[in-house]
Amino acid sequence: MKSSFLVPVLLAVSAFLSMQKTTASVASTNFDGIWAVTVTAPEYRNPLDGAVALAIHHTFRARVKNGILYAVQSGLKGAPGWTELNGRIEADGTAKIRVSGLTGFAPQTISKHSGKPYEFHVVANFNDRHGSGKSIDEIKPRGPQHILVGRDKFYTFVKDPGTDIYRKVADLLLSQGNLAEGEQVLRLLKRKEFNDFLPNEGGDPLVDKAPQNAYDQKWKERFDAIRDQLAAIGREYSALSKRDPRSDEENQRLSVLQSDLATAQKALEQLYQDIAMIGSPERAKDLQESGETLMQALPKIESGAVVIETVALPDKYRVILTTPDVQIPAEYAINREELRKKVFAFRDAINARAPEAEVKSLGNDLYQILIGPIEKNIQSYGPKTLVWSLDDVLRYVPMAALYDGNHYLAENYANVVITLGSLINLKDKPSTEWTALGLGVTKAHQNWPGLPYVKDELSGIVRDETAGGDRGILKGRIMLDESFTETALKDALARRNYRVVHIASHFKFDPHGDSSDSFLLLGNKELTKLTLAEIAALPNFFAGVELLTLSACQTAVGKQASRPNEDQGIEVESLGVLAQRRGASAVIASLWQVADVSTSQLMEKFYQCHAGTAITTKAEALRQAQLALLQNTEGKYSHPVYWAPFIIIGNWQ
């Protein structure tokens, strides 16, 4: 969903909140529900030893059930910095809440020692919607050798209005025919129900505001000091945490690693908040949810892969590197309009077949922006595959052609693009043997030029023994020109006998029209087409298909890739998302119009590599096919215009 959908949604929610606030009964003593708790404290200098504890400002969630308030403010139980709240709210709204935990790391605490137990109380008063309180007897660690004078902390409590508002707003929007906005509210409702059930999981970027104070400055300084080492820190932590038994020295090291990873998490939360506050809360949530999902899934998919999630903000480029062990946020100071100019300059140079020196120079500029901020962590982790989640104009970038100063990116890494649709079947394991359905058009149709090399391309890939074929790599069936009809295609797919569907034809994408204006050219004598609307109308159109290859002209993007505008690059993902939601595990498509001869060679090499004796992922097979054109054609097809346009979207195994 576009974040612009949230504007009417949030306005409607605000209206209902205002209505409820004016009609609420102040006499109510029903405190059960979810509360947002904010704790603040000024900077404090300990008069005993001069130690300084920096100002704090934290917002977190608490649950009240049967009048008992409980919350975990921060940290994992038993780890330094862990804090929990527990206490009863009486019928008259008075409460004495116990706060206990373990001291954190300086300068978060006035203690010189982290991990020391402490306890104090908060005296508070509540009504049905708000509460406030102040700490007393703070802080006196339990150990007699750690006598400590504390500082006052101030607490505010705001009750969550509940979920009925979301249902009412959704009902209002749906009754008015605003289906997209209504669906968005229902999605927000599901997230809220999850957060209410687990109040400290998946915090709301709009609620958990980032404090801007001296404490913030301190963790940011630590993050800056370790940002290029976080991939190694995450890997070390993962290995050390699995070791049993551990020595005292190893436990101490584990505690340090935990603290550094917590710092990285803090920086990541700051990134989500930045994105949410500039008007993209949905994008922030999508990043948070997909990042957590991918970090857990990577070890089961490919341990040699890392995920790079990009965000093009109005004032800067933000990026999240996800390994199986840690998520690392970074940024580059470039505004979105300037980034768009650089992307189009790079694409234009490739399409114009500019000298490779110029292409490499422009590709290096983009490399420094997109990968530079996380380059050291990537090198430290040593992945084989870079999995890209792209935003805005970055969807137009052929990542394989980025240049690090010595090599194209394809020379070092396989590259994959994922979308929200990819998460459906990312873990699916490929079949041990592929069968293929080859479809193509060789003849010219009205304004569509002929594709004379398609016949050789398909016969080199698909071995159609029923038609006397004996050369293809994969056993299957070929439907060419007049035999490539809508009825024949639908019938073949309905049988679900083919794991690969390879289509070599033209695809027209109209980003300014509706789904009926974008279509695949079929092979009948007259101009016939299969529209996106027709594909979308069949829920399992590509069921059982592990790879849909669109070996055609400009299948991934439409004409808007040639000029800047809002919502850049949406069409790149739309076809891939649709195909995946209709059953295809992965899609190979092209970012610009491709040369027929080189495409045939690349495609044949791709299937050869994947069908070889060595275990090869689809992503690695495509990389090897790209390198074959780059390095082994005596310069004839070494220019990126020939080998860089093809991308894999989705399951790359």
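The values are calculated or read from the model by the stated rules, or taken from the named source; none is laboratory data. What you see is a predicted model; the values in this text were computed from it and never measured. Backbone-built Cβ (ideal geometry, glycine too); neighbour counts: all protein chains shown.
Quick notes on this one:
- Residue match in segment 13-26 (condition: within 28 Å of the chain's Cα centre (by Cα), aliphatic (A, V, I, L, M), surrounded by 16 or more Cβ atoms within 10 Å (Cβ to Cβ) and modelled with pLDDT under 80): yes
- Residues in segment 90-112 that are part of a loop (DSSP other than H, G, I, E, B), of a type in the set (Gly, Ala, Ser) and modelled with pLDDT of 60 or more: ALA91, GLY93, GLY104.
- Whichever residue in segment 545-576 is among the aliphatic types (A, V, I, L, M) and modelled with pLDDT under 75 and, among such residues, is surrounded by the fewest Cβ atoms within 10 Å (Cβ to Cβ): ILE570
- Residue match in segment 395-402 (condition: more than 27 Å from VAL500 (Cα to Cα) and in contact with a Lys or Arg (Cβ under 7 Å, 6 or more places away or on another chain)): no
- Lone qualifier among LEU76, LEU85, LEU69 - being farther than 30 Å from ASP392 by Cα and either modelled with pLDDT under 70 or assigned to a helix (DSSP H, G or I) (or both): LEU76
- Among the conditions (1) in contact with a helix residue (DSSP H, G or I) (Cβ under 8 Å, 6 or more places away or on another chain); (2) modelled with pLDDT of 85 or more; (3) within 23 Å of ARG395 (Cα to Cα), the only one that ILE503 does not satisfy is (1).
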